[in-house]
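The values are calculated or read from the model by the stated rules, or taken from the named source; none is laboratory data. Bear in mind the structure is a predicted one, so any value in this text is a computation, not a measurement. With ideal geometry, Cβ positions are generated from the backbone for all residues, glycine too; neighbour counts draw on all protein chains shown.
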Amino acid sequence: MSSDGSAAPAPAALALSRASGGTLVVRLAGSWRLAGETPGVDDVERELEAEPAPRVSVDATAVTAWDSALVVFLTRLLAACKARGVGIERGGLPGSLQRLLELVQEPAIPATRPGERPPLLERVGLRAITWRDQAQEVAAFVGSTTLALGRFGTRRARYRGIDLGILLQGAGPTALPIVALVNFLVGIILAFVGITQLRRFGAEHYVADIVGIAVVRDMGALITGVVLAGRSGASYAAQIATMQVTQEVDALRTLGISPIEFLVIPRLIALTLMMPLLTLFADVMGVLGGAAVGTTMMHQAFASYLRQTSTSVVSGDVVGGLVKGATYGALVALAGTLRGMQAERSSERVGEAATKAVVSGIVLIIGACGVFQYVFFLFGW
Amino acid sequence: MVTVPEAVITARSLTMAFGERVVIEDLDFAIRRGEVYVVMGGSGCGKSTLLRHLLGLQEPAAGEVLYGTESFTAASQRERERMLRRVGVLYQGSALWTSMTLAENVSLPLQQFTGLPAARIREVVELKLSLVGLHGFEEYFPWELSGGMQKRAGLARAIALDPEILFIDEPSASLDPPTGRRLDRLILELKQALGTTVVVVTHDVASILGIGTRALFLDADAKRAIAEGPPAELRDGGPPQVRAFFGQGLVGH
């Protein structure tokens, strides 16, 4: 772009003079490049204000080099002349510049776009309407997912079996290491808290009961649900949002394949099936974490720790935990796929969809956990 | 004798391959300043692969590419970036950044490579968008535009830095014929006005005849270039495969 000769090019210069009949002659000289300083049209405008001219003539024969900088200047000059009803003579411009200016002068398609920020009241209203629309969207999504589940149950849903297999693999077995690690650590934390608090009443030998019940009834499913929200929920949202960008979702629709059946149902099934299994695994890891603390801090025998756990935790606790796990799995899958389906066709929205999927997945899990506590309490489970 | 303008891009016995599979062998050509050089051929003949080689997105199996008199193939990454600074590319799918408005798309190269003040960049962006007939669409996002408008926006981004060489991959792909012709005309007008050298990769016969100064025909079966010259001459007096390409192309339309 910049000329890199040994001698610096002459800087851009602008000179005004008057020809016969009051015509204002604008003489341009030197190098008109973006990289250097170039004069603006203000001088010409001031001159036209001070002493109106019937015509303006541009002479660029002394210009040594130019790029967009000169074109920008000339378009500004043309606009300034047009605004004052002054004619302009472009004879002194090189042919290529004249062509370029003609391209610029072509009437642009009038385009309007709401750029103004609407007043406060209107914004409140718009926001309320958006919320209502979003609520409707969610309701419609849940509704059509339910209908599609019905078709899945009667084997009429269109999806690929292999997709479901891959999704099951991705949601379940590959999540084992992280689920194991996190739940083991949670078991340790619960045991520490339990021992330090129970010690005040001399009841620290109940630590196995506390950890066992907490992990099996709630923490196993809850923690695994949060892990899966970050893992599978985000990945579902990002994948479906990308498919929106590349019009793959549209391609399914036009083939008459419902994206709900093809994309949402397999993911929903995969997570709902895998979550109870992962929860069971998480329960075991949590109890082992507790046992690690119990056996070292309390010098309790490993076998006796396990025996104590097994007497305190009843099978109802385990089943309740698994039901919670399945529910959390379904919620994470719904949040992920919904956020993906809602995404607009832009790469920025892909990241946004993943973020929103994780946030709403975790919020839904915690909310559902609260509801479960209350219902279980009411029934005395 | 008319003096031939100097070559801006030269290929010397260039061989392109994917692993063991050779696409085109022994390619020799020179693209001269100010011409519209068309690389044509049927699907799968290596047109787009050649473009990727010229841009350094893929390395040649043998031979080299020269920008001016400098070897691009032997150059370091840093030198290549300097050479590519003089180049603008319009990709087949426009490749506009979807999370940015048109103005941001066009201003990104200016912000990254010129260090101009923001007001100056805004002026240039407005100019480039009005050159392609998109003045007033500065604040639109790419996905809010039609395919033809996206192509033109991509063109505005490609010429943002006043490139000496403009690469265009399939300009009329996924455009209806009238829109394709309008884009061709726009490319020609910009080329004449800006003095840019244009390298076009396409199989669109109407486009080749409409804008090409010279054309190179790549043949997938022979794995080499089998003809080079002004498109109209190739259509009327070229090898049989080339004439068939032109004939079928016209019928196909």
Which count do you get for residues in region A:220-266 that are under 18 Å from A:Gly325 (Cα atoms) and in contact with an Asp or Glu (Cβ under 9 Å, 6 or more places away or on another chain)? 3
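Which residues, counting only those in region B:108-120, are within 9 Å of chain A (Cβ to nearest Cβ) and either in contact with a Ser or Thr (Cβ under 6 Å, 6 or more places away or on another chain) or surrounded by fewer than 21 Cβ atoms within 10 Å (Cβ to Cβ) (or both)?
Restricting attention to region B:108-120, the residues satisfying the condition of being within 9 Å of chain A (Cβ to nearest Cβ) are B:110, B:113-116, B:120.
Scanning region B:108-120 gives B:Phe113, B:Thr114, B:Gly115, B:Leu116, B:Arg120.
Okay, residues lined up against (1) away from chain B (no Cβ under 14 Å); (2) under 22 Å from B:Ser130 (Cα atoms); (3) in contact with a Phe, Trp or Tyr (Cβ under 8 Å, 6 or more places away or on another chain):
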| site | (1), (2), (3) |
| --- | --- |
| A:Thr23 | yes, no, no |
| A:Arg33 | no, yes, yes |
| A:Gly36 | no, no, no |
| A:Asp43 | yes, no, no |
| A:Glu49 | yes, no, no |
| A:Ala53 | yes, no, no |
| A:Ala69 | no, yes, yes |
| A:Arg76 | no, yes, no |
From the set of residues in region B:52-93 that are touching a Leu at 6+ places or on another chain (Cβ under 8 Å) and in a helix (DSSP H, G or I), which is farthest from B:Ala153 (Cα to Cα)? B:His53
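Just need a number here: residues in region B:160-185 that are within 10 Å of chain A (Cβ to nearest Cβ) and over 21 Å from B:Leu50 (Cα atoms).
Total satisfying the criteria: 3.
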Which one of the conditions (1) among the polar types (S, T, N, Q); (2) exposed (fewer than 13 other Cβ atoms within 10 Å of the Cβ); (3) modelled with pLDDT of 85 or more; (4) farther than 30 Å from B:Glu20 by Cβ does B:Ser76 fail to meet, given that it meets all the rest? (4)
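When you look at B:Pro142, is it under 20 Å from the mean Cα position of the chain (by Cα) and either more than 23 Å from B:Leu27 (Cα to Cα) or more than 14 Å from every other protein chain (Cβ to nearest Cβ) (or both), yes or no?
Numbers: under 20 Å from the mean Cα position of the chain (by Cα): no; either more than 23 Å from B:Leu27 (Cα to Cα) or more than 14 Å from every other protein chain (Cβ to nearest Cβ) (or both): yes.
Here the answer is no, as B:Pro142 does not meet what is asked.
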Looking at region B:18-34, which of the residues that are in contact with a helix residue (DSSP H, G or I) (Cβ under 9 Å, 6 or more places away or on another chain) and farther than 17 Å from B:Phe72 by Cα is surrounded by the most Cβ atoms within 10 Å (Cβ to Cβ)? B:Ile24
Count, please, the residues in region B:142-171 that happen to be surrounded by fewer than 20 Cβ atoms within 10 Å (Cβ to Cβ) and not aliphatic (A, V, I, L, M). 6
Looking only at region A:96-150, how many residues end up being under 27 Å from A:Leu78 (Cα atoms), at pLDDT 80 or above and either part of a loop (DSSP other than H, G, I, E, B) or more than 14 Å from every other protein chain (Cβ to nearest Cβ) (or both)? 0
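Out of B:Thr10, B:Thr69, B:Thr49, report the one residue that is of a type in the set (Val, Ile, Thr), under 21 Å from B:Leu166 (Cβ atoms) and over 17 Å from the mean Cα position of the chain (by Cα). Steps first, please.
Working: B:Thr10 fails: over 17 Å from the mean Cα position of the chain (by Cα); B:Thr49 fails: over 17 Å from the mean Cα position of the chain (by Cα).
The unique qualifying residue is B:Thr69.
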